[in-house]
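To start, the structure itself, in structure tokens.
The values are calculated or read from the model by the stated rules, or taken from the named source; none is laboratory data. The shown structure was predicted, so the numbers you read here are calculated from the model rather than taken from an experiment. Virtual Cβ from ideal backbone geometry, glycine too; neighbours counted across all protein chains shown. The protein model used for the area step is the full one, side chains on, heavy atoms only, and it has no ligands, DNA or RNA in it. Shrake-Rupley method; radii C 1.70, N 1.55, O 1.52, S 1.80 Å.
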Amino acid sequence: MATTSGTLNGAVDVAAQEPTNGIETNGVEHIVDESIAVKPNAINDVPRLLEDIASNGEALARDGAQNRRQLLEAARSLVYALETPRESMIRFCWSQSTVFAAIESSIKLGLFKALSKDDKPKTAAQLAETTGAEPVFLSRILKHLGAMGVINETGPDTYKPTNLAKTLTIQKYADGFPCMNDCISAGIEKLPQWLEKNGYKAPSDGKNCAMQIGFNTDLHFFEFLATNPEYPVRFMNHMAAYHQGRPSWMDAGFYPVQERLVKGLDRDAPLLVDVGGSTGHDLAEFRRKHPEVQGQFILQDLPEVIEKAQTLISPDIKAMEHDFFKEQPVKGARAYFMHSILHDWPDNKCQEILTNLAQAMKPGYSKILINENVIPDTDADWQTTSLDIIMMSLFASQERTERQWHALAESAGLKIVNIFTAEKGVESLIECELA
Ligand SMILES: C[S@@+](CC[C@H](N)C(=O)[O-])C[C@H]1O[C@@H](n2cnc3c(N)ncnc32)[C@H](O)[C@@H]1O
């Protein structure tokens, strides 16, 4: 296409222009030919990706959902290859924030509940009546949700819920959206500003990172979380929803619980101490999945979390207020377990946490089990790398590579004896002993 067309505001359609390698219209020199902005990102990869999708699709039909993730990755790669850079840019800049706002408003309004009441299609007017929203406003939100695949458009101003819309009627899943607004997104948005001001190096102080600019506070993330009783609840729900539907360290074929934990167990010593265990979902899962394993289970967290946990946990789990920067009061346990704890803290703070545990361990018997991401050298999962940027923005901390985990363990007088990994994008189980 070589014609030059105008746009609504009178600007020239760049897509229709000849390549502008060299000098750009406003006088800024380009280092690339601008015409690439409107050509597919990697059109030559498309045939191979289609073959990949076809073979994964056949396997899915044959063997069930075992290779669903590979198929999803291939489909995503196809979208990236077909999209033009201009389309990718608009998707990043516009779609994420707008669909987020539409979803969060719909959750607060009760729209997904109204839509999911039954499987019959519903008009915007019916949904406006049920929710009490202004009909014209609601039809705009519904159109965007439909365009983004959050709900299904079945006709003009008529919609049915998708499984995603139905899932968003469940508090645990819905809470991710206000949780991001409460205490996360504004911090991430200010990362470029923090980095520019601080010479493009990773932050190392959880009280001086992008989070403090974003939320206009001097507080550490966890102190900020405690400023509103709704924040920790939504945060815990979001964490719990994030962990759903993924292999768990205690599942068969992941960490050999009998062989590595139960064998050689001293019945008088505590079995499992969940350090920073929130409301105890890991311990509850362990009790459910391994009812044959008898022993003392201890949940530790900050006072406000333990107060909530006490209303939720079963009586065979002992809830204990404990600050992991202080001396560990439970000595000689078989295992001190930490799930998504160390990624919240920079290396010097992790060293303190690990040293406190190392001092409570019984040599030759106690272990530390760290349930965290181990970033691979290549082909890292986008969920893990997203978390890494979140950690950088909010906590001045990080997701770690295998080399970084070894260095951290050694800095606290420990050694990693094994790393158990189930699948890409799922936290590994890092088993440590005293060095
Ligand atoms: C990211 S959450 C992980 C919770 C849980 N292990 C999980 O995987 O769902 C971090 C936890 O650390 C707790 N925490 C933060 N600072 C703490 C401290 N100084 N001592 C003990 N727990 C702390 C928080 O209250 C929160 O429950």
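Taken over the range 174-240, the alpha-carbon convex hull comes to 82 cubic angstrom per residue. Across the range 95-169, C-alpha contacts under 8 Å between residues 6 or more apart give a mean separation that, scaled by the residue count, equals a relative contact order of 36 percent.
Distances between placed amide hydrogens fall under 5 Å for Asp381 paired with Gly425, all partners being 5 or more residues away or on another chain.
Extents of the range 303-435, taken as max minus min of Cα coordinates on every principal axis and listed largest first, are 43, 35, 28 Å. For the chain, compute Rh as the Kirkwood radius over C-alpha pairs and then the Stokes-Einstein diffusion coefficient at 20 °C and 1.002 mPa s; write the answer in µm²/s, rounded to an integer. Taking Rh from Cα pairs, D becomes 85 µm²/s.
How much FRET efficiency would the formula 1/(1 + (r/R0)^6) give for Ser386 and Asp268, where r is the Cβ-Cβ distance and R0 is 35 Å, rounded to 0.05?
The computed FRET efficiency comes out at 0.20.
The listed residues Trp249, Trp345, once ranked by accessible area (1.4 Å probe) with the largest placed first, stand as Trp345, Trp249.
The length gained by stretching the chain between Glu402 and Asp251 to full extension, at 0.36 nm per residue less their Cα-Cα distance, is 52.1 nm.
Close amide H pairs (under 5 Å, H built 1.01 Å from N) link Leu414 with Ala435, residues at least 5 positions away or on another chain.
Sorting Phe177, Phe297 by accessible area (1.4 Å probe), largest first, what list results?
Largest to smallest exposure gives the sequence Phe177, Phe297.
Here the chain carries DSSP beta bridges of which approximately 50% are antiparallel, counting only pairs with both residues inside. Over 19 Å, how big is the tail of the calculated P(r) for the range 165-295, in percent of all Cα pairs? That fraction is 64 percent. Note on Arg260: accessible area is roughly 60 Å² with a 1.4 Å probe, heavy atoms of protein only. Could you compute the FRET efficiency for Ala125 and Ser105, with r as their C-beta to C-beta distance and R0 at 22 Å, rounded to 0.05? Efficiency for this residue pair is about 0.75. Here the accessible area is traced with a 1.4 Å probe on the protein chains. For the chain, carbon and sulfur cover 54 percent of it. Residue separation times 0.36 nm, minus the C-alpha to C-alpha distance between Asn198 and Lys424: what's the value? Using 0.36 nm per residue and subtracting the Cα-Cα distance, I get 78.1 nm. Averaged over its residues, the chain has an accessible area of 52 Å² per residue, based on protein heavy atoms and a 1.4 Å probe. Modelled this way, with points 7 Å down the Cα-to-C-beta line, the labels at Gln258 and Ala42 are 4.4 nm from one another. Every pair of different Cα atoms in the range 43-82 enters the Kirkwood calculation, which places the hydrodynamic radius at 10.0 Å. The relative contact order of the range 136-295 comes to 16 percent, based on Cα pairs under 8 Å that sit 6 or more residues apart. Note on Lys207: accessible area is roughly 100 Å² with a 1.4 Å probe, heavy atoms of protein only.
Across the range 376-381, computed HN-Hα scalar couplings (Karplus, 6.51 cos²θ - 1.76 cosθ + 1.60, θ = phi - 60°) run x, 5, 9, 6, 5, 7 Hz from first to last residue, x flagging Gly and Pro. Summarising the label geometry, the points placed 7 Å from Cα in the beta-carbon direction at Asp205 and Val32 lie 3.8 nm from one another. Which of rounded, prolate or oblate describes the range 95-169 when judged by the alpha-carbon gyration tensor and an a/c cut-off of 1.5? The shape class here is rounded. Between Ala147 and Gln66, the modelled label-to-label distance comes to 4.2 nm, taking each label 7 Å out from Cα in the direction of the beta carbon. With contacts taken as Cα pairs under 8 Å and at least 6 residues apart, the chain reaches a relative contact order of 10 percent.
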